[in-house]
Amino acid sequence: MASVEGERLLEGQTRVWKLMFGFVDSLTLKCAVELRIADIINSHGGPISLSQIASGIDSPHPDLSHLVRIMRYLVRKQVFSAHQPEPHGETLYGLTDTSKWLLTDSDLSLNPMVILQNNPFQLAPWHCLGQCVREGGIAYEKAHGCEMWDFASQNPEFNRMFNDAMAYTAQIFVKALVSDYKDGFDGVETLVDVAGGIGRVLGEIVKAYPHIKGINLDLGHVIATAPEYPGITHVIGDMFKSIPKADAVLMQLLQRIMHDWEDEECVKILKNCRKAIAQAHRTGKLIMVEIILPPNGGSSSSSSFGDVDLAYDLLMFSHMSGGKERTEAEFKKLLEGGGFPRHKIIQIPALLSVIEAYPE
């Protein structure tokens, strides 16, 4: 009989193997997105065979021996379902609650984010984390010779990929925001979205609250790709210099501003937010949508998301200069330094939470 210590060591070894091969999960998921497997199954209206999946792949001669191994892994991971309607019959593959998020034409598709995060440009900085610990510095810069925002401005295709991922993922969270932050936009006549990307999130908010005049603020290379939305004005600008005046300032969703920057830069942005709502000092407010880390590294209150909150923190380490996720206490300190002495937290059914902050 194995000793207790031996069993514990075996468990530890197993955990190392699982962590070591964690990349297999993300890259196999990327494979499914690239092959549009979820779309192919969905187009048939129900579970289909491997050969039917293969016939829908954009290739004259897809390799079934490779495809079956991909599907076997994704079934194990519950991305797809598999069953045999008859003994010794052909296996039929269907969608699950997971693969429904991989449908290309869905408003709630996570496909662009899967493609972005598994792009070689985004994976390269992860290999520099140890170097950053030893030397300091920015992982993205070590990998590419510049920071991510500069890289995006110099590479139109990457910029498009990044903006698509942000817009589609933000769409998921904005539905939670609009449905569960119901009274938050009452009384707001003008709303500026700071670093709002191509304006999709603000567009959804204005659609749900048509009394709001929306102002979408971002850098020139981002605004250049932004479509027109009813009720929204796109403004080219720099949040570190000034923010257009409004009743309320939104720092939203996947464009979450605070997690991109060090404390000093965050306070500078918050002070500009405070100036932006100066004319509405009695009713004005700041609306931030952020991950809030539990204190002392404990489990997230959004337990269904597992370790995603801490994974995002390391993503900031990998991709941003000084970027990080924060606890409520850390947010409180930043808000007070930026001129917002009061705040409250509003939970929505998402990984993120709403932080509503007031200048008085």
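The values are calculated or read from the model by the stated rules, or taken from the named source; none is laboratory data. As the structure is a computational prediction, the values presented were derived from the model and not from experiment. For neighbour counting, all protein chains shown are included, and Cβ atoms are generated from backbone atoms with ideal geometry for every residue, glycine included. For accessibility, only protein heavy atoms count, side chains too; no ligands or nucleic acids. Shrake-Rupley method; radii C 1.70, N 1.55, O 1.52, S 1.80 Å.
Some values worked out for this structure:
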| quantity | calculated |
| --- | --- |
| Candidates D238, D263, D63, ranked by Gaussian network fluctuation over the chain, Cα under 10 Å, top entry | D63 |
| Distant-in-sequence amide H partners of G338 (H built 1.01 Å from N, under 5 Å) | none |
| Kirkwood Rh and Cα Rg combined as Rg over Rh, evaluated for the chain | 1.01 |
| Charged-residue dipole, Cβ positions (Lys, Arg, Asp, Glu), the chain about Cα centre, Debye nearest 20 | 380 debye |
| MRE, 222 nm, helices only [DSSP H, n ≥ 4, -39500 (n - 2.57), over the chain, to nearest 500] | -13500 deg cm²/dmol |
| Dimensionless Rg/Rh of region 1-42 - Kirkwood Rh, Rg from C-alpha atoms | 1.36 |
| Whole-Hz ³J(HN,Hα) from phi, Karplus 6.51 cos²θ - 1.76 cosθ + 1.60, for region 103-119, glycine and proline x | 7, 4, 8, 7, 5, 9, 6, 9, 3, x, 6, 4, 5, 4, 5, 9, 5 |
| Simple spin-label estimate for D63 and F23 in nanometres, 7 Å along Cα-Cβ | 1.9 nm |
| Principal-axis tilt of helix 308-319 within the chain, Cα atoms, nearest 10 degrees | 70 degrees |
| Cα centroid separation - region 1-49 against region 257-290, whole Å | 41 Å |
| Q131-S153 FRET efficiency (beta carbon distance; Förster radius 30 Å; 0.05 resolution) | 0.75 |
| Carbon + sulfur, % of accessible area of region 1-63 - ligands and nucleic acids excluded, 1.4 Å | 58 percent |
| Surface per residue (accessible, 1.4 Å probe) for the chain, Å² | 52 Å² |
| Choice from E204, E290, E135 showing the highest fluctuation, given a GNM over the chain with Cα pairs closer than 10 Å | E135 |
| Rounded tilt (10° steps) of 328-337 against the dominant C-alpha axis of the chain | 30 degrees |
| Hydrodynamic radius of region 1-106 per Kirkwood, over alpha carbon pairs, in Å | 15.5 Å |
| Extension gain from E228 to T104, taking 0.36 nm per residue of separation minus the Cα-Cα distance | 42.4 nm |
| Region 166-290: radius of gyration over Cα atoms, expressed as a fraction of 2.2 N^0.38 Å | 0.96 |
| For region 20-29, Karplus couplings with θ = phi - 60° (6.51, -1.76, 1.60), whole Hz, Gly/Pro x | 4, 9, x, 4, 5, 4, 5, 6, 6, 4 |
| Region 156-200 - percent of accessible surface contributed by carbon and sulfur, probe 1.4 Å | 50 percent |
| Full-stretch length increase - K245, I115 - with 0.36 nm per residue and alpha-carbon distance subtracted | 43.2 nm |
| Rg/Rg_ref, region 231-272, where Rg_ref = 2.2 N^0.38 Å and atoms are Cα | 1.21 |
| Distant-in-sequence amide H partners of L250 (H built 1.01 Å from N, under 5 Å) | V192, D193, V194, I287 |
| When each of K271/K333; K175/K332; K182/K275; K241/K324; K100/K207; K245/K268 is checked by Cα-Cα distance, pairs over 20 Å | K175/K332; K182/K275; K241/K324; K100/K207 |
| For the chain, the longest site-free run once chymotrypsin sites (Phe, Trp or Tyr not before Pro) in DSSP loop states with at most 15 other Cβ atoms within 10 Å are removed | 22-239 |
| Sequence-distant residues sharing a close amide H with T96 (under 5 Å, placed H) | S81 |
| Whole-angstrom gap from region 219-241 to region 118-146, using each part's C-alpha centre | 29 Å |
| Per-pair calculated FRET efficiency, R0 = 25 Å: K213 and K268 via Cβ, rounded to 0.05 | 0.45 |
| Residue with peak Gaussian network fluctuation, the chain [Cα springs, cutoff 10 Å], from G187, G12, G45 | G12 |
| Positive dipole terminus of the chain, leading residue within I138, I345, G6 (C-beta point charges) | I345 |
